[in-house]
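Encoded as structure tokens, the structure appears first; notes follow it.
Laboratory data are not the source of any read-out in this text; all were calculated from the coordinates shown. All values derive from a computational prediction rather than experimental measurement. Glycine also receives a Cβ, built like all others from the backbone with ideal geometry; neighbour counts cover every protein chain displayed.
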Amino acid sequence: MTETRDVQRESPAAKANVEDQLTSTGGPTCDSTASQPSSQLQSSFFSALPLEIRQSIYRHLWLATGSTQHVYQSGASLLAPLSHCRCIADLDAEDTREVELARILNTPPGDPATVEAGVGPGSTEERDAIMEWRYRVVSTWCNHWPCEEEPPVLRAVDTDALEDGSEEKETMPLKNRESQHRLLVKEFSPFLATLLTCRRMHGEAVDSIYDATTFSFVGTDALSRFLNTTAPDSLARITKLHLTWRAPIATYMNLDSEESLTEMARWEKMWAEVALKIPRLKELRIWAYPCYARYPMPHEEWLRALHQFGNVPKFDVSFRWFQNPPTPDTGPLDFLDDAPFEYDRIPPVQDNPLHFHWRRLIGLPPDEPRHPVSRRQKKRRYLGRAL
């Protein structure tokens, strides 16, 4: 029998401190007698391979791991630790979530007497498919929903090495030991494994991580937490930043409302920190979606915070699924004439696919959650590590 369990016991704060040490310029603090890394000449990796070859190996490792890494919060709490996964989505592909939902809803309901094994229109399978696409439509991962649902790489670990009483277990018959529960834990990240190998490898590899990796944040909460928990030297190395932003309702509310003022202050503070802490940005891309499709565009004031990045060579913003009747869904907007970024506008499906199908949704939750919980790794739950 296999179960999933967290085998690490350190607190999120301790994990954050370890990550800061690993990715900072000097690595973990040490006394002056050990300030220089060992040459590690007993290792053929260092003694036989020149630096150029080793650097090439590091770059190929980062490429195989995923050149774009999503950074997301692993739980609903604002204090939930950050985690990461590779991006598998096509950034330039059409977002067809509502189209797929409409396709399923437009399938004619089937006669229950003709449905075999619960498969077909009107079946439990169809209802589950409807709910799958409803949750994808409101996912905070937006067009990256395939990344959200991609399961992690897990490895089995014997409980013998993790629990007390190992001597007693050694006396057990082999058959009994094999029947013991096994744990599934998240496979170690190549990033962390490389940085932990030794100080010399850390020093050689750390710069190439940031040169080769695009940091793609799922929501502003993840970006804000990353800015506040990552070492300054590490932040200063980042050159490529992506953000998937599901704009809150406050972005088009009355600017004088308390909710709007609070959200605006958090938004402006976050971008001010990005400009200060990540000064080497060469690429900034934002995919902006409304909280729900066909909601209005954010007020002009919300985009002013982005004007401080006019010196970023590649700066693009994609506005998707916003609708401002009677303003055209595509084309120029007056308040974006002086924007320092290139932008496009992708209109939503004109009509909400659910509006004409309420009778078929009996027994389903009537509303999507305003703040949906991440569904990443939902099919094989485990309590994994942070970054």
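Enumerate the calculated ³J(HN,Hα) couplings along the range 317-334 in order (Karplus 6.51 cos²θ - 1.76 cosθ + 1.60, θ = phi - 60°), each rounded to whole Hz, writing x wherever the residue is Gly or Pro.
10, 10, 8, 10, 6, 7, 8, 10, x, x, 5, x, 6, 10, x, x, 10, 4
Highest mean first, how do 125-136, 328-339, 309-320 rank when packing is the count of other Cβ atoms within 10 Å averaged over residues?
Going by the mean number of other Cβ atoms within 10 Å, highest first, we get 125-136, 309-320, 328-339.
Over the range 240-345, how many pairs of lysines fall under 13 Å by alpha carbon, counting only those 8 or more apart in sequence or from different chains? Intermediate values should be presented prior to the final figure.
Working: K240/K282; K240/K314; K269/K277; K282/K314.
Eligible lysine pairs with Cα atoms under 13 Å apart amount to 4.
Distances over 22 Å make up what percent of all Cα-Cα pairs in the range 243-343?
29 percent
Report the net charge of residues surrounding I238, where surrounding means a beta-carbon distance below 12 angstrom and charges are Lys +1, Arg +1, Asp -1, Glu -1.
For residues surrounding I238, the net value is +1.
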